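*Asks:* Sharing a structure with you now.
Just so it is clear, none of the values below were taken in a lab; they were calculated from the coordinates. For clarity, every value in this text was computed on a predicted model and none was experimentally measured. Positions of Cβ are backbone-derived with ideal geometry, glycine not excepted, and every protein chain shown enters the neighbour counts.
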Amino acid sequence: MPGCCDPNGYDAIFGARFARRVAHKYRKRGLDRTSRRIVDFLLERGIRDATVLEIGGGVGEIQVELLRHGATHATNLEMATGYESEASRLLEHAGVAGRVTRRNVDIATAPEAVEAADVVVLHRVVCCYPDYERLLTAAGSHARRLLVFSHPPRNVVSRAFLWVQNHALLIAGKTFQAFVHPPEAMVGVLKEQGLTVRYRRDGLVWHVVGLER
Ligand SMILES: C[S@@+](CC[C@H](N)C(=O)[O-])C[C@H]1O[C@@H](n2cnc3c(N)ncnc32)[C@H](O)[C@@H]1O
């Protein structure tokens, strides 16, 4: 049941089972295509000695790759609490556990509680948060150099799909809802934070936008 600290109902959807599935897939096949695009954009711009802030980073597989490729430290912010044991296993196994801080914080409502980082990542997160303006304003203001995020395309198919999914969730008694926020308005929020678009890749399900200060 969502309580005071999980008003968006994340724990009911992104629990231990979801975490196990993501971690298992990563162990077996490495990063999925969208995560690979996110990491490749950052590697291409350069992340040596960079600090990373991943918002809604789940089990942390993107952080593992960035730390392996020269980033010094990663902070993971999550609102769901079910990832922790899979995340520790993954980070321990990769030998990077000492370089990752995992926190249960909503940066959108408590931006002052989070330190800025050189690189900010949001993969499959904006579509899970109702107020994209607040979330991306906070994310952008915490990015010293680079920010990359993924989001679903906004078209008839994605809107119809989410309409069905959200209604099914409501019928099942879940409070979690997903969103297809307007892509250019999201980019506009980040531009207002002083970031410039340097990269775009449109996949069928996830679009990736990379920005630089
Ligand atoms: C679809 S999951 C994606 C997790 C991970 N990035 C992945 O791709 O496997 C979305 C996650 O975003 C997290 N999230 C959404 N809004 C957030 C916020 N404002 N701060 C921190 N985490 C957030 C939720 O808790 C949820 O675990």
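*Asks:* Given (1) surrounded by fewer than 22 Cβ atoms within 10 Å (Cβ to Cβ); (2) away from the ligand (no atom under 11 Å from the Cβ); (3) in contact (Cβ under 8 Å) with a residue 12 or more places away in the chain, identify the lone condition not met by residue 108.
*Replies:* (2)
*Asks:* If you don't mind, another one. Tell me, which residue of the range 78-102 that is polar (S, T, N, Q) and within 10 Å of residue 59 (Cα to Cα) is surrounded by the fewest Cβ atoms within 10 Å (Cβ to Cβ)?
*Replies:* Among those that are polar (S, T, N, Q) and within 10 Å of residue 59 (Cα to Cα), it is 85.
*Asks:* Separate question: Please determine, by comparing only the residues of the range 64-77 that are among the aliphatic types (A, V, I, L, M) and away from the ligand (no atom under 14 Å from the Cβ), which one is surrounded by the fewest Cβ atoms within 10 Å (Cβ to Cβ). Before the answer, list the steps.
*Replies:* Initial filter on the range 64-77 (among the aliphatic types (A, V, I, L, M)): 64, 66-67, 71, 74, 77.
Imposing the further condition that a residue be away from the ligand (no atom under 14 Å from the Cβ) reduces the set to 67, 71.
On the way: 67: 21, 71: 23.
Filtering first and then ranking leaves 67.
*Asks:* Name the residues in the range 182-213 that are part of a loop (DSSP other than H, G, I, E, B) and closer than 23 Å to residue 117 by Cβ, would you?
*Replies:* 193, 194, 195, 206, 213
*Asks:* Report the residue count in the range 86-105 for those that are more than 21 Å from residue 146 (Cα to Cα) and assigned to a helix (DSSP H, G or I).
*Replies:* Counting residues in the range 86-105 that are more than 21 Å from residue 146 (Cα to Cα) and assigned to a helix (DSSP H, G or I) gives 11.
*Asks:* Another question about this same structure. Quick one: in the range 106-131, of everything that is assigned to a loop (DSSP other than H, G, I, E, B), among the β-branched types (Val, Ile, Thr) and under 21 Å from residue 146 (Cα atoms), which residue is farthest from the chain's Cα centre (by Cα)?
*Replies:* Only one residue tops the list, namely 114.
A quick yes/no check of all residues on (1) within 16 Å of the chain's Cα centre (by Cα); (2) closer than 25 Å to residue 140 by Cβ; (3) part of a helix (DSSP H, G or I):
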site	(1), (2), (3)
8	yes, yes, no
11	yes, no, yes
20	no, no, yes
71	no, yes, no
74	yes, yes, no
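*Asks:* May I ask you to list the residues in the range 132-146 that are within 9 Å of the ligand (Cβ to nearest atom) and either within 13 Å of the chain's Cα centre (by Cα) or at positive phi (or both)?
*Replies:* Filtering the range 132-146 for residues within 9 Å of the ligand (Cβ to nearest atom) gives 134-135, 138-139.
Within the range 132-146, 135, 139 qualify.
*Asks:* Now for a separate question. Quick one: how many residues across the range 21-50 are out of contact with any helix residue (DSSP H, G or I) (no Cβ under 6 Å at 6 or more places or on another chain), away from the ligand (no atom under 11 Å from the Cβ) and under 20 Å from residue 83 (Cβ atoms)?
*Replies:* 5
*Asks:* For the condition charged (D, E, K, R), more than 16 Å from residue 89 (Cβ to Cβ) and without any contact (Cβ under 8 Å) to a residue 12 or more places away in the chain, what is the one hit in 29, 21?
*Replies:* Every option except 29 fails the conditions.
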